[in-house]
Amino acid sequence: MRSTDTAVRAANRLTTRWASEVRGGTVFSAAGVWPLLALLADGAAGAAREELEEALGLPAGQAGAAAREFLAMLTGIDGLSSAAGLWTARFVA
């Protein structure tokens with residue numbers, strides 16, 4: 001399995017865990033934070049590394065490469081910037 005596939009599955013699992021805790025209406029995705037956590041895990045040590053591995057769903061040693069491939073894949077998705085802008089904007093003019 002390519003690390004992009006692994007990263008997508010891991011980001012989806014993180015989104016699923018978050019969604020299981022939501023009690024009201026909201027829109028979110030771990031796709032925005034998962035790569036950051038993965039890059040942090042790649043350079044972390046000790047308990048922080050272990051906690052990040054648990055959150056990420058993959059070993060920290062694989063996380064950096066998976067995050068870079070994941071981000072490269074996201075840049076190729078037409079309309080993603082517009083969608084992210086709509087989700088994060090306080091209002092749409």
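The values are calculated or read from the model by the stated rules, or taken from the named source; none is laboratory data. Everything numeric in this text was worked out from a predicted model, so none of it was measured. With ideal geometry, Cβ positions are generated from the backbone for all residues, glycine too; neighbour counts draw on all protein chains shown. When the accessible area is computed, the model is the full protein with side chains, heavy atoms only, and any ligands, DNA or RNA have been set aside. Shrake-Rupley method; radii C 1.70, N 1.55, O 1.52, S 1.80 Å.
Got a number for residues in the range 33-54 being closer than 12 Å to residue 7 by Cα and small (Gly, Ala, Ser)?
Qualifying residue count for the region: 1.
Quick check on the range 19-36: of everything there that is closer than 21 Å to residue 73 by Cβ, assigned to a helix (DSSP H, G or I) and open to solvent by 40 Å² or more (accessible area, probe 1.4 Å), which residue is modelled with the lowest pLDDT?
The residue in question is 32.
Hey, among 9, 2, which residue is at pLDDT below 80, under 20 Å from residue 60 (Cβ atoms), surrounded by fewer than 17 Cβ atoms within 10 Å (Cβ to Cβ) and not aromatic (Phe, Trp, Tyr)?
Every option except 2 fails the conditions.
When the range 8-18 is examined, which residues are found to be among the basic types (Lys, Arg) and more than 19 Å from residue 77 (Cα to Cα)?
First, the residues of the range 8-18 that are among the basic types (Lys, Arg): 9, 13, 17.
Hits for the range 8-18 are 13, 17.
Please list, ordered by first then second residue, the pairs with beta carbon atoms under 9 Å, 6 or more apart or interchain, first in the range 44-63 and free of Cβ contacts under 8 Å to residues at least 60 places away in the same chain, second among the aromatic types (Phe, Trp, Tyr) and in a helix (DSSP H, G or I).
Partner pairs satisfying both residue conditions: 55/34; 56/34.
Quick test for you: out of 48, 66, pick the one residue that is farther than 18 Å from residue 9 by Cα and outside any loop (DSSP other than H, G, I, E, B).
Details: 66 fails: farther than 18 Å from residue 9 by Cα.
Within the list 48, 66, the selection yields 48.
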